[in-house]
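Asks: Mind looking over this structure? Questions follow.
Every number here is computed from the coordinates shown, using simple stated rules; none is lab data. Nothing here was measured: the structure is a model prediction, and the numbers come from that model. Positions of Cβ are backbone-derived with ideal geometry, glycine not excepted, and every protein chain shown enters the neighbour counts.
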Amino acid sequence: MWTKDQIWNLAHAVYPSAVDARRQFHRNPELSFEEKETSAFIAAQLDAMGVPYTAGVGGYGIKAVIEGGKPGRTVALRADMDALPINEETGLPFASQKPGVMHACGHDVHTATLLATARALRDVAADLPGRVVLIFQPGEEVNPGGASLMIKDGVLVNPTVDAIFGLHVMPLMEAGTMGFGAGPMLAAPDEFDVTIVGRGGHGAAPQLCVDPVMVAAQCLTLLQQIVARNVSPFQSAVITVGTIHGGTARNVIPDEVTFKGTVRTMDPAVQALMPQRIEAVIRGVCEAAGAAYKLHYDPGYPALINDAAATDIARRAALRVLDAEKVQPMAPSMGGEDFAFYLQKVPGSFARLGSMISGTASPAGLHTARLMIDENCMATGVAYYLSVVQEYLGEA
Ligand SMILES: [Zn+2]
Ligand SMILES: [Zn+2]
């Protein structure tokens, strides 16, 4: 059994390597499913550590396995590695060197933390019963989600994974803290694209036209009625239309208007209801106006549901290495996360890792150009990972 001190000594020993790797990733961000260099860097690091791995799992994904010294169960840890199409504005010395691409969701931190965990585990694996599977995953930000592709490619078998743990940086929580919660924690993020097809003409002669701008406006308003009137007040759902495009001049009625939206739900039954109700609203409004429509609805990741027993293990593991007040409850959010796919297959728990720089008045959130991370959170992440591995494998 590793003591708290032993775990922190291991975490601090690998911390400088985590900082180096994180800055390397941060300087060289790659968009979802384009993580070629990131993947090559991870492979080279694992080679140098002497940790065996398989590359090309579900695209640029990498699966590494660290065997313990005794027989036992298999626990997986997962990091995502893709960046976002955002132009960085942090002014950091190691800011993105690629205009328009930035690690604005902290996946650079996740990947560096998992690499550092591999480095620490390699030296002490002989103490462990069972084995640890390290999953470096591409394409978290974009459908169909790299998690689904890695699962299809067998990342959870040979060896069969018994449980999985992961984490995500949280810029609104102070570094050194973590958050845990059981049950539905993150939403299923579906997407839809709509084209309203009317009949354009002179803005002064609407009687000769079918105005798709008016139809789209009514659709947008009525879509909110689905959340207000078709979803139980005890359930959660969000419909947000984030883009709308149509028209070229103030006095011209266009032929078409397009809009795109996201749908967030926590419950599979509510998720299943959404495409039916959205289509019914659009069909009804279009019929009334004499317009036609095209609707493309893309179900996204499932809702992320943390297993209760695995979350107990995760929280216990955190309490072993962190002071009690640093281990906080995790509030659900309507964000999405493709870690949900793993949790459909095996029990596990996804945690929040506080990453706010202490004293920041209004920290920039995830998916923003000014996201800042207190890199010390990576030491906390490594200590937690070592502790959860020990807690889970040692329990059998
Ligand atoms: Zn993200
Ligand atoms: Zn993310």
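Asks: With axes computed from alpha carbons, what is the tilt in degrees of helix 308-321 against the longest principal axis of the chain, rounded to the nearest 10 within 0 to 90?
Replies: 50 degrees
Asks: Separate question: May I ask you to derive the relative contact order of the chain, considering only C-alpha pairs under 8 Å and at least 6 residues apart, and to give it as an integer percent?
Replies: 24 percent
Asks: Then there's this: Under a Cβ-Cβ cut-off of 14 Å, what is the net charge of the residues other than R73 that fall near it, where Lys and Arg count +1 and Asp and Glu count -1?
Replies: -2
Asks: Which whole-Hz ³J(HN,Hα) couplings does the range 42-51 yield from phi under the Karplus relation 6.51 cos²θ - 1.76 cosθ + 1.60, θ = phi - 60°, glycine and proline marked x?
Replies: With the stated coefficients, the range 42-51 comes to 4, 4, 5, 5, 5, 4, 5, 7, x, 9 Hz.
Asks: Now, a different point. Once the Cβ-Cβ distance between L366 and R199 is put in as r, and R0 is 25 Å, what FRET efficiency do you end up with, to the nearest 0.05?
Replies: 0.05
Asks: Another one. Given C-alpha coordinates of the chain, what is the ratio Rg to Rh with the Kirkwood estimate of Rh?
Replies: Rg/Rh: 1.05.
Asks: Further question: Return one number: the angle in degrees, 0 to 90 and rounded to the nearest 10, between the long axis of the Cα atoms of helix 107-124 and the longest principal axis of the Cα atoms of the chain.
Replies: 20 degrees
Asks: Next up: Cα convex hull of the range 56-186: mean projected area in nm², to one decimal?
Replies: Taking the Cα atoms of the range 56-186, their convex hull projects to 9.9 nm² on average.
Asks: Need one number: nm distance between label points at Q344 and V213, each 7 Å from Cα along Cα→Cβ, rounded to one decimal.
Replies: Placing both labels 7 Å beyond Cα along the Cβ direction yields 4.2 nm.
Asks: Which FRET efficiency, nearest 0.05, do T248 and Q276 yield, Cβ-Cβ r, R0 45 Å?
Replies: After rounding to 0.05, the efficiency reads 0.85.
Asks: Using Cα-Cα distances under 8 Å and only pairs 6 or more residues apart, what relative contact order does the range 26-154 have, in percent?
Replies: Computed over the range 26-154, the figure is 38 percent.
Asks: Something else now. So, R0 is 25 Å and r is the distance between the beta-carbons of D153 and A40; what FRET efficiency does that work out to, to 0.05?
Replies: Calculated transfer efficiency: 0.85.
Asks: To continue, here is another question. Could you check the spin-label model distance between N9 and V142? Points 7 Å from the Cα along Cα→Cβ, value in nm.
Replies: Label at N9, label at V142, 4.6 nm between them.
Asks: Using per-residue counts of other Cβ atoms within 10 Å, averaged over each peptide, order 271-282, 172-183, 128-139 from highest down.
Replies: 128-139, 172-183, 271-282
Asks: How much length is gained on full extension from D47 to A288, taking 0.36 nm per residue of separation minus their Cα-Cα distance?
Replies: Extra length available between D47 and A288 comes to 80.3 nm.
Asks: Okay, moving on. Give the separation of the Cα centroids, the range 21-69 to the range 276-327, in Å.
Replies: Centre-to-centre distance over Cα atoms comes out at 28 Å.
Asks: Nearest 10 degrees, 0 to 90: what angle lies between the long axis of helix 268-289 and the longest principal axis of the chain (Cα atoms)?
Replies: 20 degrees
Asks: Counting C-alpha atoms alone, how compact is the range 277-396: give Rg to one decimal and Dmax as a whole number, in angstrom.
Replies: 20.9, 66
Asks: Of the cross-linked pairs K36/K152; K260/K294; K36/K98, which ones have a Cα-Cα span greater than 18 Å in the structure shown?
Replies: Flagged as over cut-off: K36/K152.
Asks: Something else: Bin width 5 Å, origin at 0, all Cα-Cα pairs of the range 188-298: what percent of pairs per bin?
Replies: Bins of 5 Å from zero give 2, 12, 24, 21, 16, 11, 7, 4, 2, 0 percent of pairs.
Asks: Per residue and in cubic angstrom, what volume does the convex hull of the Cα atoms of the range 113-165 have?
Replies: 92 Å³
Asks: OK, next. List the residues whose amide H sits under 5 Å from the amide H of V169, counting only those 5 or more places along or on another chain, with H placed 1.01 Å from N in the peptide plane.
Replies: Hits under the 5 Å cutoff: L353.
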